[in-house]
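Enquirer: Have a look at this one before I ask anything.
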Amino acid sequence: MSYRLVIMGPQGSGKGTQAALLADRLGVPTISTGDLFRAHMAAQDDLGELARSYTSRGELVPDEVTNAMVRRRLAEPDVADGFILDGYPRNCFQLDELDDILADLGTRLDGVVELTAERDELMARMKHRAEIEHREDDTDEAIARRLDIYDEQTAPLTASYGARGLLVTVDGIGEIDEVAERVARAVTGVRN
Ligand code: AMP
């Protein structure tokens, strides 16, 4: 049995937390593009410096850079039997690239989980996270910009995945464990 999944959701929807819980449950690694960029930023390498100039403003890192990083990561042996992609794809070009990468690897997605939450709730959660985590891209402007980009470029991807019968939408409001149960039930439902 393999699980090749994407988890989507706006900032503050609990996407990262739910991706990690689902990964534990299914026994597959998560691939978080945000975490990969943060690792490069911490290492202060060229990719990290480039990424910082975009992430600090809440903008997307250019597709060529992001796609190449994901292509390299998906070729690694630990994700050969399954993965949860957290934060990728974020626009239609990345969606197409992901299809190409997986086709080149002789495989394809099994499902896509979309976590939903109202914008007011998301802003409140993000401000709370900013106070606790002090992430350098959690300024009010960057938070608002990320939510706009999600609405304009990322949320529309659900139509493509929906048309392929891959999409399940899960209400992201509630206790972490409760949402995790909903996600797990939804994933069991979408599997081929
Ligand atoms: P996240 O941890 O998912 O909120 O990502 C943090 C930041 O990393 C985003 O605001 C973007 O600047 C960058 N990033 C993460 N994933 C992508 C992606 N798929 N495409 C472009 N930029 C990304």
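Enquirer: At VAL65 and ASP46, where each label point lies 7 Å from the Cα along Cα→Cβ, what is the point-to-point distance in nanometres?
Expert: Calculated label separation equals 1.2 nm.
Enquirer: Sticking with this structure for a sec: Placing +1 at every Lys and Arg Cβ and -1 at every Asp and Glu Cβ, with all other atoms neutral, what dipole size does segment 3-191 have around its Cα centre, in debye to the nearest 20?
Expert: Values: 22 positive and 37 negative charges, 81 e Å.
I would put it at about 380 debye.
Enquirer: Something else about it: Suppose we keep just the alpha-carbon trace of the chain; what are its Rg and Dmax in angstrom?
Expert: For the chain, the Cα radius of gyration and maximum Cα-Cα distance read 15.8, 44 Å.
Enquirer: Same structure again: Which distance in nm do the two modelled labels at ASP171 and GLU133 give, with both placed 7 Å along the Cα-to-Cβ direction?
Expert: 2.5 nm
Enquirer: Also, I was wondering about something else. Between ASP81 and ARG108, what length in nm is gained on full extension when 0.36 nm per residue of separation is reduced by their alpha carbon distance?
Expert: Details: separation 27, 0.36 × 27 = 9.72 nm, distance 1.13 nm.
Value of the extension gain: 8.6 nm.
Enquirer: Next question. Cβ under 14 Å from ALA20's Cβ, ALA20 left aside: what net charge do those residues give with Lys, Arg +1 and Asp, Glu -1?
Expert: Spelling it out: positives minus negatives among the neighbours equals -2.
Enquirer: Subtracting the Cα-Cα distance from 0.36 nm times the residue separation, let me have the gained length for SER56 to GLU121 in nm, one decimal.
Expert: Details: separation 65, 0.36 × 65 = 23.40 nm, distance 2.24 nm.
Extending this stretch completely gives an extra 21.2 nm.
Enquirer: How do 56-64, 146-154, 75-83 rank on mean C-beta neighbours within 10 Å, highest first?
Expert: Numbers: 56-64: 15.3, 146-154: 16.9, 75-83: 13.8.
So the order, starting with the most tightly packed, is 146-154, 56-64, 75-83.
Enquirer: Tally Lys and Arg at +1 and Asp and Glu at -1 over the other residues with C-beta under 14 Å from the C-beta of GLU152: what net charge comes out? It would help to have the intermediate numbers written out before the result.
Expert: Numbers: positive: ARG90, ARG119, ARG145, ARG146; negative: GLU59, ASP148, ASP151.
The answer is +1.
Enquirer: For segment 1-45 and segment 149-192, what is the centre-to-centre distance using only Cα atoms, to the nearest Å?
Expert: 14 Å
Enquirer: For every other residue with a beta carbon closer than 10 angstrom to the beta carbon of GLY174, add +1 if it is Lys or Arg and -1 if Asp or Glu, then tell me the sum.
Expert: -4
Enquirer: Another question, then. Please give the calculated 222 nm ellipticity per residue for the chain, where each DSSP H segment of at least 4 residues contributes -39500 (n - 2.57) and the sum is spread over every residue; nearest 500 deg cm²/dmol?
Expert: Numbers: 9 runs with 105 residues, N = 192.
Mean residue ellipticity at 222 nm (helix-derived): -17000 deg cm²/dmol.
None of the figures in this text is laboratory data; all of them are computed from the coordinates on show. Worth saying up front: this structure is predicted, and the values here are computed from it rather than measured. We place every Cβ from the backbone using ideal geometry, glycine too, and count neighbours over all the protein chains shown.
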